[in-house]
Each structure stands twice: as C-alpha cells, then as structure tokens.
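The values are calculated or read from the model by the stated rules, or taken from the named source; none is laboratory data. Remember, predicted model here, so these are calculated numbers, not experimental data. A quick note on method: Cβ atoms are made from the backbone with ideal geometry, for glycine too, and the neighbour counts reach across all protein chains shown. We work out accessible area using only protein heavy atoms, side chains counted, and drop any ligands, DNA or RNA first. Shrake-Rupley method; radii C 1.70, N 1.55, O 1.52, S 1.80 Å.
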Amino acid sequence: MTQRTTAVGRPRAIPELLLVAVLFAVYKGGRMLTAGHTDDAFRNAGRVWDAERALHLPGEGLVQDLLLHSDTVVHLANTYYAAVHFPATAAFLIWLYLRRPGHYLWARRVLAALTAVGLVVHLGFPLAPPRLLGAAHLVDTGQVYGPTVYGAAPAADTMANQFAAMPSLHFGWALMLAIGMIAATRGRLRYLWLLHPLLTLTVIVGTANHYWLDAAVATALLGVALLVVPRPVADRTPQDGSAGPGGGAVRVGEDDGLRAAGERELAHAVVTPGRSG
C-alpha cells in the first residue's frame with residue numbers, strides 16, 4: 001500500500017506575503033472600528049476590574065510596582081511592548097516558512113483564526129485598558145517614561161485603537177510563537193521559548209496595557225484555535241538529520257520500512273548465527 005509522504009510543499013512567497021499583508025491590514029482596520037465606543041469601553045473596564053477582584057486575582061499594580069523600582073526597567077518594558085510584538089511574530093513565521101513549511105501553514109492558520117475571533121471580541125466588547133481606568137490607580141508608563149505607541153488622548157488617537165484590550169493579542173501571539181517553536185524544533189532547550197509569553201505577560205500587565213483576564217481570554221481562544229486547526233504535517237528537513245537522498249524529505253513509510261527491515265535482518269542473524277556474514 002502506498003504510504004503518505006510527509007513532504008510539504010513550501011507556499012509561493014509572493015502570494016504568502018500578500019496574504020499576510022491583507023491579514024495585517026484587516027487586523028489594523030478591524031481594531032479601528034471600535035475606536036468610537038468610549039463609553040462602552042469604560043463601562044466594560046469597570047466590569048472587568050470588578051470581576052478580577054471577585055475572582056481574587058492579584059492586582060495589576062503588584063507587577064507594575066516591580067517595574068517602577070527602576071526607570072531603566074520600566075523603559076525596557078515599554079520598549080518590549082512597543083517593539084517586539086510584530087517583529088517577533090514576523091521572524092517566527094519567516095523562520096517556519098524557510099525551515100518548516102508544514103508548521104508554517106499550521107501556525108499561520110492558527111494565528112489567523114485567533115486574530116479573527118479576537119477582532120470579533122474587540123468589536124463586541126470594547127475595553128479600556130487599566131492605564132486609563134481611574135479605579136485601578138495605575139501609571140501610564142508609556143506616557144510617563146516612554147516609549148509609547150499610543151496617543152495621549154485615546155479618543156483622538158488615529159494610529160491605534162486603545163479600546164481593544166480584550167483579548168490580548170500581544171499575549172496570544174507570543175504564546176503561539178512559543179508553542180510553534182516547541183512543536184517545530186527538537187532541542188532539549190526548546191521549552192525556554194515559553195519565556196517569551198511569560199515576559200510578554202509581565203510587560204503587558206506591568207505597563208497597565210492589559211488586565212490579567214485579557215491574557216486569560218487570549219489563552220482560551222488560542223486553545224480553541226489549536227483544537228480546530230489540523231496539526232502540522234511533520235517536516236523532515238536536512239536540519240533534522242532525517243532528510244532523504246539529495247536533501248529532500250523522506251517518506252514516513254519509507255523511513256519506517258527501512259528501520260523495520262534492518263530490525264528483521266538483525267533478528268535473523270541472531271537466530272541463525274552460522275549464516276551471518
């Protein structure tokens with residue numbers, strides 16, 4: 001019976017670039033659609049804040065106090081928030097595209113699904129971040145210490161929607177990056193990729209850009225996306241040391257068949273030593 005091959009053709013670069021550009025444009029445009037819902041955003045912020053207190057979650061201020069012990073640390077946190085989100089995700093997708101095409105398709109689909117559902121939640125549940133909520137008594141670290149990607153007046157900010165806090169796509173994308181790299185690599189240290197979402201969570205909460213529940217909702221939505229989107233076909237590349245002749249991907253059945261044949265030959269030699277070479 002013909003075995004299914006694990007080789008996954010790499011998508012053509014130009015269509016993929018156009019697709020990612022369209023997804024990014026939808027992401028930015030979709031966020032802006034909720035920019036005018038100021039009253040709803042603050043009402044929802046009060047509800048989220050009260051819900052966190054009812055759940056006895058630690059106050060976001062506990063994390064911010066740690067950052068505020070050093071101007072350098074809080075400045076680095078703001079820089080991480082402003083500068084790492086998109087470049088890290090882009091680098092992740094580019095690396096998968098070049099080295100693990102099967103995982104690339106899977107990760108791109110999961111990120112697209114997560115972002116699409118996230119935009120729907122942004123539209124239906126506009127939410128002011130804790131830095132804008134008076135009851136939180138938190139510092140807008142971006143405005144005070146810099147750098148910031150947001151304007152000082154949220155309602156007049158034409159570059160970004162400041163009322164799209166839930167879910168936190170900052171955290172959702174960072175968590176997917178870690179999961180994707182763990183799935184696509186085999187080194188013992190690959191679980192250190194989890195430091196990226198952990199650091200991202202510390203940053204988004206400590207800079208008062210997100211509530212704990214923003215990250216929790218992002219995690220739940222990512223979990224659903226991972227369940228719905230089919231898991232990646234295993235990439236067999238020269239970097240794994242499992243490539244076939246000529247550097248191509250080997251077939252699952254071929255690889256397993258060769259291994260099984262070798263085991264049968266060894267067993268036969270042990271049972272009938274007089275006939276071995």
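Some notes on this structure:
- Residue satisfying all of: in the range 63-84; over 15 Å from L198 (Cβ atoms) and open to solvent by less than 20 Å² (accessible area, probe 1.4 Å); nearest to the chain's Cα centre (by Cα) among these: N78
- Residue in the range 139-155 that is in a helix (DSSP H, G or I) and under 18 Å from F42 (Cα atoms) present: yes
- So M166, is it at pLDDT 90 or above and either of a type in the set (V, I, T) or not in a helix (DSSP H, G or I) (or both): yes
- Top-ranked residue in the range 204-224 [being part of a helix (DSSP H, G or I) and either open to solvent by less than 10 Å² (accessible area, probe 1.4 Å) or polar (S, T, N, Q) (or both); ranked as farthest from D140 (Cα to Cα)]: L222
- Taking every residue in the range 38-57 that is on the phi < 0 side of the Ramachandran plot and open to solvent by less than 100 Å² (accessible area, probe 1.4 Å) and pairing it with any residue that is outside any helix (DSSP H, G or I) and of a type in the set (V, I, T), at least 6 positions away or on another chain, the pairs with Cβ-Cβ distances below 8 Å are A41/T34.
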